[in-house]
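Input: a single structure, listed below in structure tokens.
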Amino acid sequence: MSPKRNLQDPQKGADFYETERLILRPMSLEDAEFILDLYSRPKFIQFIGNRNLKTVADAEDYIRNRFLSQFKKLGYGNYVMITKEGNHKIGGVGIFEREGLDVVDIGFSLLDEFEGKGYAYEAASKIKSVGMDEFGLTKISAITTQDNFSSQKLIEKLGLQFRKLITIPNDTEELRYYETE
């Protein structure tokens, strides 16, 4: 399906995308409460990391400084997953420039109650295609903790292969690093 202009935040000019069950819309400041909830969940902190968001204002700053600046710079970034049925914000998916990685990395996170339903694969598969087909990315990487087995399976299902264990700046934990062929 072809991209559609983001009608909810037209000044940004970024595209939003559709899958069978989801709308993928660029993160915006209106998502601050959702990001605060998602990023404060125990599973997010365990498997992705503590972003130290304590208030909606913290989440707005994080969105402004991390997500909006990357969209402005690269044209792609982090998208909120919204169900077509019920219009629920259920997670985030995106391609990120990350300090310590030479290749942009795909990432995804879901509210616990929406895990195990195929949403993360559906969204990540679409965003991987967008990155490669529309933005000309030739390689995409992914990182995950060594004990996050469901993410490891999803990353491999996306066609990325495990390459090595790495550590990224400001983190001591060894992470599994995957990359496209």
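Hull volume per residue, based on the alpha-carbon atoms of the stretch 75-181 and their convex hull, is 110 Å³.
Within the stretch 53-151, the trypsin sites (Lys or Arg not before Pro) that combine a DSSP coil assignment with at most 12 other C-beta atoms in a 10 angstrom radius are LYS54, LYS84.
Taking all protein chains in place and a 1.4 Å probe, what share, in percent, of the accessible surface of the stretch 27-82 do carbon and sulfur account for? For the stretch 27-82, the apolar C and S fraction of the accessible surface comes to 50 percent. Exceedance of the 21 Å cut-off in Cα-Cα distance is limited, within the set LYS72/LYS157; LYS43/LYS84; LYS73/LYS139; LYS117/LYS139; LYS126/LYS164, to LYS72/LYS157; LYS43/LYS84; LYS117/LYS139; LYS126/LYS164.
When the Gaussian network model of the chain links Cα atoms closer than 10 Å, the mean-square fluctuations of PRO26, PRO169, PRO42 top out at PRO169. In the context of the full set of protein chains, residues of the chain present 52 Å² of accessible surface per residue (probe radius 1.4 Å, heavy atoms only).
Among ILE82, ILE106, ILE127, which one shows the highest mean-square fluctuation when the chain is modelled as a Gaussian network with alpha-carbon springs under 10 Å? The residue with the greatest mean-square fluctuation here is ILE82. Length available on full extension from LYS117 to ARG64: 0.36 nm per residue minus the Cα-Cα distance, which gives 16.1 nm. Overall shape of the chain was characterised from the C-alpha gyration tensor. The equivalent ellipsoid obtained from it has semi-axes of 23, 19, 17 Å, in decreasing order.
A full extension of the chain between MET132 and ARG21 corresponds to an added length of 37.8 nm, given 0.36 nm per residue minus the alpha carbon distance. Modelled label positions at THR172 and THR55, each set 7 Å beyond Cα in the direction of Cβ, lie 3.1 nm from each other. Here's the picture: charge each Lys and Arg Cβ at +1 and each Asp and Glu Cβ at -1 in the chain, and of SER69, TYR39, GLY136 the one pushed furthest to the positive end of that dipole is GLY136.
The values are calculated or read from the model by the stated rules, or taken from the named source; none is laboratory data. Keep in mind that what you see is a predicted model, and the values were worked out from it rather than measured. Ideal geometry is used to build each Cβ from the backbone, glycine not excepted, and the neighbour counts take in all protein chains shown. Areas reflect the complete protein model, heavy atoms only, side chains present, ligands, DNA and RNA absent. Shrake-Rupley method; radii C 1.70, N 1.55, O 1.52, S 1.80 Å.
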